[in-house]
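Asker: I have a structure here, written as structure tokens, and I will follow up with some questions on it.
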Amino acid sequence: MNELIKVNVSLISAFPEELQLWSKDYSVSMTQLLNVYSTITQNLAEEIDLPLTQKERFKLEQKSIVNPAAYEAYLKGKYNMGLLTQESIMAAQGYFEKAIEIDPKFAPSYAALGGIWGFLKQMNFVTSDQAAPHFAPNIEKAKSLDPNLAEVYYWDAIKLVWTDYNWDAGEIAFIKAIELNPNSSETRGLYSNFLLGQNRIEDARIEMDVALELDPKNPFILTLNSINLVMEGNYEACIKLANKLQEMSPSNPLINLSLFLAYSQVNDHDNLIKQAIIWLKLENHQDVIPIMEKAYKEHDIKAAFLKTCQALETKDPSKLMAQTMFNFYAISGNADKTLDWVEKSYIRNDPDIPAINLVPTLNPYRDNPRLIEIIKRLNFQNPNF
């Protein structure tokens, strides 16, 4: 039995008084779900005599048939991706694979499977070498099935920016994805995050505000906004938002990062230590937490982070995140060690590099020749030094 969805669309004038100008009911097969927007747009344009360009008309006439079960699995995958924990991302991978099993020609899930590895790499759950082989085959498969699919360009942009550091090509992919689907809050949100990394702060805020307007309760968008707020220097707003988010998702590393950076800039040392402890737990370095707590209690915030870094340095270097080390060393005030680990982050092709332009803990070192040289090597569109 083919299930139907029913949609009522009304066009209402709000000025000078509320007046219904047009209304129509639609009964749409679930297999035609992705075509509802185009159908309604075409009908409305005809009703109000709105001229469409040849390009617009061609785009609206493109039809996609979707297997409802595959689409449902895909949406569940996207939801889990937005939670940004290792467990949720792996659950998302399972949903995308299930969508392909249901419908081997469902292009969005191939694109998402490629993008999964971009997220895993960005969150430092896998290395660049582990992620690289999974990108191209899935993205190319999605392109072969649907070359005009917005999701293909969205996931490709993630790879280009957060794995390849190819800023110009990444931006082109983001713009193409937005052109094909201007109502994707995820694309707008990550494009905003990319723009912020390029030190294009005003452009980034415009895109983030659009993302928030499109999907104001989406936890992924709210998490990205917390990162944007702290990089913009709006620390109090970040703290207010990120604390609410952390209550709902205590193991989300990006929320932890937002709060850590914000507290480091407002000199709230007690809460900074609290977030540092969460950070260490997320990275399985619980054994050094007593060292941090003891040094903070007996000395001060700089000693706490210096002693913690010294303890971490006794471990296998491959088990240490460069992002952790340069942030912790930066707060300790040790410039040489901070920049040693920024250099290691660059050499390792770490996921924090696209944000290095604006990381606030590095602000005291912006005029250091070593940091300037690294930023120059990265060819940011608008370098911050």
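Asker: Provide, as a two-decimal number, the C-alpha radius of gyration of the chain over 2.2 N^0.38 Å, N being how many residues it has. Mind showing how you got there, number by number?
Answerer: Details: Rg = 23.2 Å, N = 385, 2.2 N^0.38 = 21.1 Å.
So the chain has a normalised radius of gyration of 1.10.
Asker: Can you pull the one-decimal nm distance between simple spin-label points at Phe385 and Asp287, each 7 Å off the Cα toward Cβ?
Answerer: 3.7 nm
Asker: How large a share of the accessible area of the chain, in percent, is made up of carbon and sulfur atoms when the probe is 1.4 Å and the other protein chains stay in place? Show your work: numbers first, answer last.
Answerer: Details: 9750 of 18540 Å².
Roughly 53 percent of what the probe reaches on the chain is carbon or sulfur.
Asker: Taking 8 Å as the Cα distance limit and 6 or more residues as the minimum spacing, I'd like the relative contact order of the stretch 142-209 as a percentage. Before the final figure, lay out the partial values.
Answerer: On the way: 65 pairs, mean separation 16.5, N = 68.
Value for the stretch 142-209: 24 percent.
Asker: Can you give the angle from 0 to 90° between the axis of helix 369-378 and the longest principal axis of the chain, with both taken from C-alpha atoms, to the nearest 10?
Answerer: Between the helix axis and the principal axis of the chain, the angle is about 20 degrees.
Asker: Here's another thing I want to ask about it. Cut-off under 20 Å on the C-alpha distance; same-chain residues fewer than 8 positions from Lys344 excluded. Which aspartates and glutamates are left, in chain and number order?
Answerer: Leaving aside aspartates and glutamates fewer than 8 places away in the same chain, those within reach of Lys344 are Asp129, Asp164, Glu283, Glu313, Asp316, Asp336, Asp352, Asp367, Glu373.
Asker: So for the chain, averaging the separation of alpha carbon pairs under 8 Å that are six or more residues apart and normalising by length, what relative contact order in percent results?
Answerer: Values: 526 pairs, mean separation 39.8, N = 385.
For the chain, the relative contact order is 10 percent.
Asker: Once the Cα atoms of helix 150-162 and of the chain are each reduced to a long axis, what angle between those two axes, in degrees from 0 to 90 to the nearest 10, is obtained?
Answerer: Taking Cα atoms only, the helix is inclined about 10 degrees.
Asker: Further question: Once a ≥ b ≥ c are taken as the square roots of the eigenvalues of the Cα gyration tensor of the stretch 92-201, is the result rounded (a/c under 1.5), prolate (a/b larger than b/c) or oblate (a/b not larger than b/c)?
Answerer: Numbers: a/c = 1.89, a/b = 1.27, b/c = 1.49.
It is oblate, given that a/c is not under 1.5 and a/b is not larger than b/c.
Asker: Could you state the angle between the C-alpha long axis of helix 301-312 and the longest principal axis of the C-alpha atoms of the chain, as a value from 0 to 90 degrees rounded to the nearest 10?
Answerer: The angle comes out near 90 degrees.
Asker: Only Cα pairs within less than 10 Å get springs; with that Gaussian network setup on the chain, which residue of Glu17, Glu283, Glu343 has the largest fluctuation?
Answerer: Glu17
Asker: Can you give the accessible area of Ser88, probe radius 1.4 Å, in Å² rounded to 10?
Answerer: 10 Å²
Asker: May I pose another question? So what is the accessible area of the stretch 146-292 per residue, in Å², with the probe set to 1.4 Å? Mind dumping the intermediate values first?
Answerer: Values: 5760 Å² over 147 residues.
With the other protein chains kept in place, the stretch 146-292 gives 39 Å² per residue.
Asker: Assuming R0 = 35 Å, what is the FRET efficiency of Asp168 and Asp268, from their Cβ-Cβ distance, to the nearest 0.05?
Answerer: Numbers: r = 39 Å, r/R0 = 1.10.
After rounding, the FRET efficiency stands at 0.35.
Asker: Between the stretch 305-369 and the stretch 197-252, how many Å separate their Cα centres?
Answerer: Result: 23 Å between the Cα centres.
Asker: Considering only Cα-Cα distances, which of the following residue pairs are longer than 21 Å: Lys244/Lys307; Lys76/Lys98; Lys105/Lys217; Lys78/Lys121; Lys244/Lys274?
Answerer: Numbers: Lys244/Lys307 31 Å; Lys76/Lys98 10 Å; Lys105/Lys217 31 Å; Lys78/Lys121 17 Å; Lys244/Lys274 15 Å.
Result: Lys244/Lys307; Lys105/Lys217 exceed 21 Å.
The values are calculated or read from the model by the stated rules, or taken from the named source; none is laboratory data. Please read all numbers here as calculations on a predicted model, not as lab measurements. In this analysis, Cβ positions are derived from the backbone assuming ideal geometry, glycine residues included, and neighbour counts consider all displayed protein chains. Accessible surface areas use protein heavy atoms only, side chains included; no ligands, DNA or RNA. Shrake-Rupley method; radii C 1.70, N 1.55, O 1.52, S 1.80 Å.
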